[in-house]
Amino acid sequence: MEDSQNQKAGQKISFGSKKLKIFFVNHLDKIYAAKAHLVDHLPEIAENVHFSDLRHAILETMEDVEKQMARMEIIYNILDEERSPGNFSGLAGLVDDAFADIQLHSQDPELRDLSIAFYMQNIESMESSSFQVLQMAAVKLKNNQIKQLLKENYDEAKADRTLLLLITAKYITAKS
């Protein structure tokens, strides 16, 4: 048994370009659908924010998401692929949880804002991780423009996460 596991561990994993493209497009679809969901819901989340720095960060994130979606549309064109509705239940669940917390803390602006900041951090973490994995896969697609577009999306998502983290820290220390 151990020998067969060692043999499997030593085997090379080979993604053919067709398999890799299927993986890449499938996950690009998921990220795109999740971002479209975010664009639909971020204005309402921003409306419920009391702390102006957090509201501005959410609106800036929304602008960045729209730019990321435009870059993703370029990637679809480069790959000659059509967007398909991706399953984005993980992100949709985070957005739905954020709305539930907004309702739960509707009378307490401090807890409501902190909850929104918490969910925004989680959403940005998920986005930057997703772009990072697609960047790795894009290396095998051998298209520098796709790699560059994904790098820009990753860098933007990472910057948004950092901004939200700084604002959350500022918010918590201001409320102490």
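For this structure, a couple of remarks:
- Separation of the alpha carbons by more than 24 angstrom is noted, of Lys19/Lys151; Lys30/Lys170; Lys18/Lys142, for Lys30/Lys170.
- Comparing mean-square fluctuations of Ala137, Ala117, Ala100 from a GNM of the chain with C-alpha springs under 10 Å, the top value falls on Ala100.
- Applying the Kirkwood pairwise sum to the alpha-carbon positions of the range 16-175 produces a hydrodynamic radius of 16.2 angstrom.
- Put a plus charge on the Cβ of each Lys and Arg, a minus charge on the Cβ of each Asp and Glu, and nothing anywhere else: the dipole of the chain about its Cα centre is then about 1020 debye.
- Gain on full extension, evaluated as 0.36 nm per residue between Ser52 and Leu165 minus their Cα-Cα distance, stands at 39.2 nm.
- Selection of trypsin sites (Lys or Arg not before Pro), the range 141-176, meeting DSSP coil and at most 11 other Cβ within 10 Å: Lys142
- Burial ordering of Ser17, Ser125, Ser52, fewest other beta-carbon atoms within 10 Å first: Ser52, Ser17, Ser125
- With θ taken as phi - 60° and the Karplus curve 6.51 cos²θ - 1.76 cosθ + 1.60 applied, the whole-hertz 3J(HN,Hα) list for the range 152-159 is 4, 5, 4, 4, 5, 4, 5, 5 Hz, x standing for glycine and proline.
- Between Phe131, Leu166, Ala117, the Cα set farthest toward the positive side of the dipole of the chain (charges on each charged residue's Cβ, about the Cα centre) is that of Phe131.
- Theoretical ellipticity at 222 nm over the chain - DSSP helices of four or more residues, -39500 (n - 2.57) apiece, nearest 500: -30000 deg cm²/dmol
- Mean separation of Cα contacts under 8 Å (6+ apart) over length of the chain, as relative contact order %: 28 percent
- Global form of the range 61-133, assessed from the alpha-carbon gyration tensor, a/c cut-off 1.5: prolate
Laboratory data are not the source of any read-out in this text; all were calculated from the coordinates shown. Small disclaimer: the values here were computed from a predicted structure and weren't measured. Here the Cβ is made from the backbone with ideal geometry for all residues, glycine too, and neighbour counts use every protein chain on show.
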